[in-house]
Amino acid sequence: MPRQMEPGTVVGGRYRLQERIGAGSMGSVHRAVDELLGRDVAVKLIASRARTDEERRRNEAEAKVLSQLNHHSLITLFDAGTEVSPSSTSIVWLAMELVQGSDLSRRLAKGRLPVRQVAHLAYDLAIGLDYMHRGGIVHRDIKPANILLFDYREDETRLRAKLTDFGVAQMAGDPNPQSEEFTGTAGFMSPEQVRSEPAGPHSDVYSLGLVLLRCLTGERAFPGMAVESALARLFRGPVIPDSLGPQWVAILRAMTALDPADRPSAHEVSEAMQDLAAAGRGRRSTAASDDPERIRAAEELGAASEAESDPALDRITAVAARILGVPVAAVSIVGADRVWTASGSGTRRGSTASGDSLCPQTVREDTPFIVDDVQHDPRTAANPLVTGSPGFGFYAGVPLRNADGLALGTLCIMDRKARSLTGDQEATLRDLAALAADVLQLRRDARGRNEPPGCDKPLDGELTVAD
């Protein structure tokens, strides 16, 4: 930063610089006071290469375009302009909202993120990039440190992301791209950036793909020193583990294609992430919910549950409701036309028609079925459980399976209002479901010992909870 831009300097005629709060290869960020409105802001200062009045006017025009960005997934830019120092150095300044909070880089230092959180964050970032790209602006430095995280509930139920640091953003189609040096950050730059070629919108998509892979695996896709990391992507794509599931593998492979023309647009990425966030609970069960064997086993188990309550299941549902902070938790058995509530906290034992429950949807899933806002999700909005009085806003259920992969029932929780689960809370729900499955197995074993020889035992195999 030029010496003339020390604390106390006023830029734009109104922003008085205070202490420096951040720095990068392209400039520095200061806390500043907007003396016109009396509020704190952040001011980024970028040393420009402009030397002529024409070049400075071009810089100022671009800065003003950036200041017009207005999207909830982007840090708000209040004002922008250029200053010329006494040494004739051109300085681009950006006045933006001052944010108190962590960035994705610091969050990842604690470990990888839950899959659903990654889908939510990716959706936020993709719609922000789509907005930028439609305005002809390319960010060119998508990396964890430039992604700020917000959590309005302060418990990571639904982390939200905002993209910041437009210091290396440039107008798409600029006839004079930088060609003598890398632009961006080596660990996340696109192949075209490595080759010092013009970086268009698909370059941002590639970088976002590497960021998402980092969130999901906890590892950088191209490790090593800067040059080694940058050059590696010229010859191969990143390793994408099959364990992420076919949907994630497909979208990440497309986003990180070597040829920019093979990558999806930011809008297409946002649509894919919306699907993954809403329904992305993994693969569907290999055993259909209307499988005759599954129905027979479930209905026998459901009929047995009507005879008497099980104190162990009652304790599990009570613990689920208390630990997860929900009014309703239940262990349910799903038959062909009826759903039996074998145990419930905040609800009564008994049975109801399948159409009046969300549990039949859950037994079709291979992993937990979680809907943050059931009243606005097309899969659940019309269900009588949601539309009836008093209605519900949130549902999360874990399918309980036997060794043959047949989902016989669920452990589910419900809340009156829309909400999300943190990664730890989802893990707790899975653990409690495993305990519920063990209880059901013990019940099956006890009945088996009292049955005459040769009697059918439809629940052969140990009940387990799906991963």
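The values are calculated or read from the model by the stated rules, or taken from the named source; none is laboratory data. Remember, predicted model here, so these are calculated numbers, not experimental data. A quick note on method: Cβ atoms are made from the backbone with ideal geometry, for glycine too, and the neighbour counts reach across all protein chains shown. Accessible surface is based on the protein model in full, side chains and every heavy atom, while ligands, DNA and RNA are left aside. Shrake-Rupley method; radii C 1.70, N 1.55, O 1.52, S 1.80 Å.
Give the stretch 224-251 a look and list any residue that's more than 17 Å from the chain's Cα centre (by Cα) and without any contact (Cβ under 8 Å) to a residue 24 or more places away in the chain, or say none.
Of everything in the stretch 224-251, those that are more than 17 Å from the chain's Cα centre (by Cα) and without any contact (Cβ under 8 Å) to a residue 24 or more places away in the chain turn out to be Gly224, Met225, Glu228, Ala232, Phe235, Arg236, Gly237, Val239, Asp242, Ser243.
Can we say Thr317 is open to solvent by 10 Å² or more (accessible area, probe 1.4 Å), under 13 Å from Cys412 (Cα atoms) and out of contact with any Lys or Arg (no Cβ under 7 Å at 6 or more places or on another chain)?
On the way: open to solvent by 10 Å² or more (accessible area, probe 1.4 Å): no; under 13 Å from Cys412 (Cα atoms): yes; out of contact with any Lys or Arg (no Cβ under 7 Å at 6 or more places or on another chain): yes.
Judged against the criteria, Thr317 is not a match.
Which of (1) under 32 Å from the mean Cα position of the chain (by Cα); (2) within 20 Å of Arg338 (Cα to Cα); (3) modelled with pLDDT under 70; (4) not polar (S, T, N, Q) does Val465 not meet, given it meets every other one?
Answer for Val465: the failing condition is (2).
Output the residue which, of all residues in the stretch 392-421 that are hydroxyl-bearing (Ser, Thr, Tyr) and either within 24 Å of the chain's Cα centre (by Cα) or open to solvent by 10 Å² or more (accessible area, probe 1.4 Å) (or both), is modelled with the lowest pLDDT.
Going through the stretch 392-421, the residues hydroxyl-bearing (Ser, Thr, Tyr) turn out to be 395, 410, 420.
Restricting the remaining residues to those that are either within 24 Å of the chain's Cα centre (by Cα) or open to solvent by 10 Å² or more (accessible area, probe 1.4 Å) (or both) gives 395, 420.
Numbers: Tyr395: 93, Ser420: 86.
Checking each candidate, the answer is Ser420.
Take the stretch 109-129 and flag every residue that is aliphatic (A, V, I, L, M) and surrounded by fewer than 16 Cβ atoms within 10 Å (Cβ to Cβ).
Taking the stretch 109-129 first, the residues aliphatic (A, V, I, L, M) are 109, 113, 115, 118-119, 121-122, 125-127, 129.
Ala109, the sole residue that qualifies.
Taking Leu252 as meeting all but one of (1) assigned to a helix (DSSP H, G or I); (2) more than 17 Å from Pro144 (Cβ to Cβ), write down the number of the exception.
(2)
Looking at the stretch 333-366 only, could you name the residues that are closer than 19 Å to Gly393 by Cβ, surrounded by 20 or more Cβ atoms within 10 Å (Cβ to Cβ) and among the hydroxyl-bearing types (Ser, Thr, Tyr)?
Ser345, Ser357, Thr362
Pick from the stretch 216-249 the residues that are outside any helix (DSSP H, G or I) and of a type in the set (D, E, K, R): which of them is farthest from Ile142 (Cα to Cα)?
Looking at the filtered set, the residue picked out is Arg236.
Look through Asp445, Asp431, Asp438, Asp424 and report the one residue that is assigned to a helix (DSSP H, G or I), surrounded by fewer than 21 Cβ atoms within 10 Å (Cβ to Cβ) and at pLDDT 85 or above.
Values: Asp445 fails: at pLDDT 85 or above; Asp438 fails: at pLDDT 85 or above; Asp424 fails: at pLDDT 85 or above.
On inspection, the qualifying residue turns out to be Asp431.
Mind counting the residues in the stretch 373-390 that are open to solvent by 30 Å² or more (accessible area, probe 1.4 Å) and closer than 20 Å to Thr422 by Cβ?
1
Please name all residue pairs, on different chains or six or more residues apart, with Cβ atoms under 6 Å, provided the first residue is in the stretch 111-130 and is free of Cβ contacts under 8 Å to residues at least 24 places away in the same chain and the second residue is open to solvent by less than 30 Å² (accessible area, probe 1.4 Å).
Listed by first residue and then by second, the contacts come to nothing, as the list is empty.
State all residues of the stretch 166-196 that are touching a Ser or Thr at 6+ places or on another chain (Cβ under 8 Å) and at pLDDT 55 or above; if no residue qualifies, say none.
Val168, Ala186, Gly187, Phe188, Met189, Ser190, Glu192, Gln193, Ser196
Restricting to the stretch 410-421, name every residue that is of a type in the set (A, V, I, L, M) and in a strand (DSSP E or B).
Step one: list which residues in the stretch 410-421 are of a type in the set (A, V, I, L, M), which gives 411, 413-414, 418, 421.
Once the filter is applied, which keeps residues that are of a type in the set (A, V, I, L, M) and in a strand (DSSP E or B), the stretch 410-421 yields Leu411, Ile413, Met414.
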